[in-house]
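The values are calculated or read from the model by the stated rules, or taken from the named source; none is laboratory data. None of the values given here were measured: they were computed from a predicted structure. No Cβ is skipped: glycine too gets one built from the backbone with ideal geometry, and neighbour counts run over all protein chains shown. To get the accessible areas, we keep the full protein, side chains included, count just its heavy atoms, and leave off ligands, DNA and RNA. Shrake-Rupley method; radii C 1.70, N 1.55, O 1.52, S 1.80 Å.
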Amino acid sequence: MANSFSFQIYAATADLPKSWDQVAVDNIFLQTHYLQVLENSAPTNMQCFYIGIFEGSDLIGVALSQYLDLNRLESFGERDQCMKTYVRNFIFKNFASHVLFLGNNMITGQNGYAFSKTVDFKCISDLLLDCAQSITTYFKGKGIKIHIVSFKDFYQHCSDELKNYGFKAVYEFKTQPNMIFELQESWQNHEAYIGAFTKKYRDQYKRAHKKGDRIAIRELSLEEITTYEERIYELYHHVAKNAPFNTFFLAKNHFSVFKKHCGDRFRLTGYFLEEKLIGFHSLLLNGNVLETYFLGYDEQIQKEKMLYLNMLYNMTQFGIENRFKKIIFGRTALEIKSSVGAEPVMMSGFIYHTSAWVNRLLPRVFPKLEPTLTWQQRHPFK
């Protein structure tokens, strides 16, 4: 690492340098009001660290790290009940239960660090690896052995650059792609977007819209989110525990804390049937990028009313009408997301095990732990 660079690790947002948000200005996921959301409503098995990177005495970079204790997790995921899942869960419990992430394990995208000036990839590589080592040593001093260190979500050009330096010795992995929807400037309104569909996908939209025509949809205020907090969590938790793999579950107060700290930059929309909350989706406004966040729904009504597909259309409508450049739909449900226009963008992560012999096995073992993914990309536009 270049001699002029140093870093400091903080455990509380109150201790962050005053210029932190000036460095993180282009990414809400690194700004203090979002970090305060994590601080006040992180998953119960997560501890966050905030990293300030200095050139001399000037703060020029910020980064996020998260420690996860998977022993405190109620379930790794209940959807895939098979021998492969049991073996995977046994391995995670015994060899990978203490995990350190450099980056944000709660969202998809390259949101782990930001700099206020150009920093070459050799320095970035050295800084990330040194920060991971420093936090690992901190936990060792507390009697906790970090099993796995993971550097999360890099777009291809960044991972290629990092591999020229310290990361060439770290195992690179690719998981499900990030589904990103680049919105066309010519779509001035929702009708223009629907008009760009082929007949098949226009018919799909009409069918979904008709199925959901009795559902009342409205954005919820902080007071309403607080009122419906138990139900919101119940709907979220149902979806989360049926995911193929989990490393955390949100705190019950997460959405109200998010709204309290981020205000209009966080939007939670409720779906009501006969005045009962049957689903919700949430969005984060990140500059000219619209980030989809967690959602939840009643499974039975979701199938009957095509609720999830209607949520995707509604999030897209919000993005178009508010002139966002793109929507980050994240991983999972790849096929249905592609049916509304999102396209897959491959991302890389890097991972190493702190046990040398386990680390040597990673290239052979890791691919076998990933759930097999088979999907067909849809092309909905003319």
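Listed values, structure above:
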item	result
Filter result (of a type in the set (S, T, N, Q) and under 17 Å from the mean Cα position of the chain (by Cα)) within region 259-290	SER282, ASN286
Condition check for GLY287: closer than 17 Å to LEU268 by Cα and either open to solvent by 20 Å² or more (accessible area, probe 1.4 Å) or of a type outside the set (Asp, Glu) (or both)	no
Residue identified as out of contact with any His (no Cβ under 8 Å at 6 or more places or on another chain) and at pLDDT 95 or above among TYR313, TYR352	TYR352
Residue that is assigned to a strand (DSSP E or B) and either open to solvent by less than 20 Å² (accessible area, probe 1.4 Å) or at pLDDT 95 or above (or both), where the choices are LEU277, LEU250	LEU277
Residue in region 293-311 that is in contact (Cβ under 8 Å) with a residue 24 or more places away in the chain and under 21 Å from GLY103 (Cβ atoms) present	yes
Residues satisfying the stated conditions in region 204-233, i.e. open to solvent by less than 90 Å² (accessible area, probe 1.4 Å) and part of a loop (DSSP other than H, G, I, E, B)	GLY212, ILE215, LEU220, SER221, TYR228
Failed item, numbered, when GLU39 is tested on (1) touching a residue at least 60 places away in the same chain (Cβ under 8 Å); (2) closer than 30 Å to PHE249 by Cβ; (3) crowded, with 17+ Cβ neighbours inside 10 Å	(1)
Count of residues meeting criterion [more than 20 Å from the chain's Cα centre (by Cα) and open to solvent by 20 Å² or more (accessible area, probe 1.4 Å)] in region 137-156	9
In region 1-54, the residues that are among the hydroxyl-bearing types (Ser, Thr, Tyr) and in a helix (DSSP H, G or I)	THR13, THR32, TYR34, SER41
Residues of region 177-203 classified as farther than 30 Å from ASP153 by Cα and part of a helix (DSSP H, G or I), total	10
Failed item, numbered, when HIS237 is tested on (1) modelled with pLDDT under 95; (2) part of a loop (DSSP other than H, G, I, E, B)	(2)
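Each row is one residue, and each column tells you yes or no for (1) within 21 Å of the chain's Cα centre (by Cα); (2) at pLDDT 95 or above; (3) among the hydroxyl-bearing types (Ser, Thr, Tyr).
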| site | (1), (2), (3) |
| --- | --- |
| PHE5 | no, no, no |
| GLN8 | no, yes, no |
| ASP15 | no, yes, no |
| HIS33 | yes, yes, no |
| LEU38 | yes, yes, no |
| PHE54 | no, yes, no |
| LEU59 | no, yes, no |
| ARG72 | yes, no, no |
| GLY77 | yes, no, no |
